[in-house]
Structure formats: C-alpha cells, structure tokens
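Student: After the structure tokens below, expect a handful of questions from me.
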C-alpha cells in the first residue's frame, strides 16, 4: 500500500529565500489525509509566527506530500 509523509517549507517572498524543508516523519495512509494535515499545520505555523515578521517578509508556507514505499 502506498503511504505518504508531509513536508513543509517556510518561504519569504520579498527576499526570495526558503528555509530547509522539514518533515515530522508522520506516515499518512492517503494523499488526502496528508494534504488536509498540511493545510492544518500551515495554519498553525502562520498563527504562531510574529505578525510583523509575516507582513514584512511576506512569509508563505509551502507543503507537499511525498510518496513512500515499503512503509
């Protein structure tokens, strides 16, 4: 069965810089489950970050689900 892990990356659009991608190595049973959690975690990160920094750097969260085999 195909499984997925979530990978998140914080990017700052004004400086055109992205931090290194991170993953908590949680394994998801479906692409949908992974994608929904990606939106939830992105929301949590945006709420955690300082509003002044978000506005100044135009911070965005990128995420994707990577397929893993043999999980």
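The values are calculated or read from the model by the stated rules, or taken from the named source; none is laboratory data. If you're wondering where the values come from, they're calculated on a predicted model, not measured in any experiment. No Cβ is skipped: glycine too gets one built from the backbone with ideal geometry, and neighbour counts run over all protein chains shown.
Student: Search the range 30-64 for residues being modelled with pLDDT under 95 and in a loop (DSSP other than H, G, I, E, B), and hand back the single one that is nearest to residue 1 (Cα to Cα).
Tutor: Applying the filter and picking the extreme gives 49.
Student: Taking residue 4 as the residue in question, decide whether it is in a strand (DSSP E or B) and within 9 Å of the chain's Cα centre (by Cα).
Tutor: Against the criterion (in a strand (DSSP E or B) and within 9 Å of the chain's Cα centre (by Cα)), residue 4 does not qualify.
Student: Right, next: Given the criterion surrounded by fewer than 12 Cβ atoms within 10 Å (Cβ to Cβ) and under 10 Å from the mean Cα position of the chain (by Cα), identify the matching residue among 40, 32.
Tutor: Result: 40 is the single residue among 40, 32 that is surrounded by fewer than 12 Cβ atoms within 10 Å (Cβ to Cβ) and under 10 Å from the mean Cα position of the chain (by Cα).
Student: If you don't mind, there's one more thing I want to ask. Is it the case that some residue within the range 20-29 is more than 11 Å from the chain's Cα centre (by Cα) and assigned to a helix (DSSP H, G or I)?
Tutor: Scanning the range 20-29, I find no residue that is more than 11 Å from the chain's Cα centre (by Cα) and assigned to a helix (DSSP H, G or I), so the answer is no.
Student: Please determine whether any residue of the range 11-29 is touching a helix residue (DSSP H, G or I) at 6+ places or on another chain (Cβ under 7 Å) and touching a residue at least 60 places away in the same chain (Cβ under 8 Å).
Tutor: no
Student: Does the range 1-29 hold any residues that are closer than 18 Å to residue 67 by Cβ and surrounded by 16 or more Cβ atoms within 10 Å (Cβ to Cβ), and which are they?
Tutor: Result: 3, 4, 5, 6, 7, 8, 28.
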